[in-house]
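*Asks:* Encoded as structure tokens, here's the structure I'll be asking about.
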């Protein structure tokens, strides 16, 4: 029996292709958003000293994330932001409500990243004032859905729960996508060796793996938002006023 297609019907009977992309083109179905492409991870460290154990923890978490992404065939780059280098600018932004210069670029990089690794020292059982001040100058909606890995350093393991009752609620409020495992490193943790369960290296690997899985399951942020900002090239109000100076 011969089947005659009706007017306007899509012919997908003869020589059915096995190639999924060809079938989609026949029925005019759009391709899904690609999850292939390099990812940009930004490490934000609120360490105050140089060298800093907080920065060291952040570096290890970022390295674990990049390694886990590589295992999934995803390339990634890491950009590091030391908040101590922008401390005065952060305070100025707190007072004026306006970030300028290098700090404005830092904020753009942080809010445009594919993932964030955020690490802070703990003082009096909570995150540092510098860390919180930086978070406070971010737009309240700028981290919505952002994959985030949290880390903290302190003198003793007694402060380890500060990550769960201090940092995690903060970023949950900001509607970030915080991975399950957060990593606290006490002074004694740096002396541990090996990879047995519960040691610092193992916790770092586990946390990095969780962040990598979240990042790899999504399209690169720049790619996903490329068509969502049709006015991205429009000059800012500040730029327009700059022409009136003098």
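*Asks:* Working only within segment 150-162, note down all residues that are touching a helix residue (DSSP H, G or I) at 6+ places or on another chain (Cβ under 6 Å) and under 9 Å from residue 186 (Cα atoms).
*Replies:* Of the residues in segment 150-162, the ones touching a helix residue (DSSP H, G or I) at 6+ places or on another chain (Cβ under 6 Å) are 150-153, 155.
Residues satisfying the conditions are 152, 153, 155.
*Asks:* If a residue counts only when it is exposed (fewer than 15 other Cβ atoms within 10 Å of the Cβ) and modelled with pLDDT of 95 or more, which strands (runs of 3 or more DSSP E) contained entirely in segment 45-162 have at least 1 such residues?
*Replies:* 76-82
*Asks:* Filter segment 163-186 for residues that are farther than 17 Å from residue 131 by Cβ and either loosely packed, with under 12 Cβ neighbours inside 10 Å or in contact with a helix residue (DSSP H, G or I) (Cβ under 8 Å, 6 or more places away or on another chain) (or both) and give the result.
*Replies:* Here is the first cut: in segment 163-186, the residues farther than 17 Å from residue 131 by Cβ are 175, 177, 179-181, 186.
Those that are farther than 17 Å from residue 131 by Cβ and either loosely packed, with under 12 Cβ neighbours inside 10 Å or in contact with a helix residue (DSSP H, G or I) (Cβ under 8 Å, 6 or more places away or on another chain) (or both): 177, 179, 180, 181, 186.
*Asks:* Follow-up. Taking the conditions exactly as written (at negative phi, modelled with pLDDT of 90 or more and outside any helix (DSSP H, G or I)), does residue 185 satisfy them or not? Before you say what the answer is, go through the steps one by one.
*Replies:* Numbers: at negative phi: yes; modelled with pLDDT of 90 or more: yes; outside any helix (DSSP H, G or I): yes.
Against the criterion (at negative phi, modelled with pLDDT of 90 or more and outside any helix (DSSP H, G or I)), residue 185 qualifies.
The values are calculated or read from the model by the stated rules, or taken from the named source; none is laboratory data. On a predicted model such as this, the values are computed, not experimentally measured, just so you know. Virtual Cβ from ideal backbone geometry, glycine too; neighbours counted across all protein chains shown.
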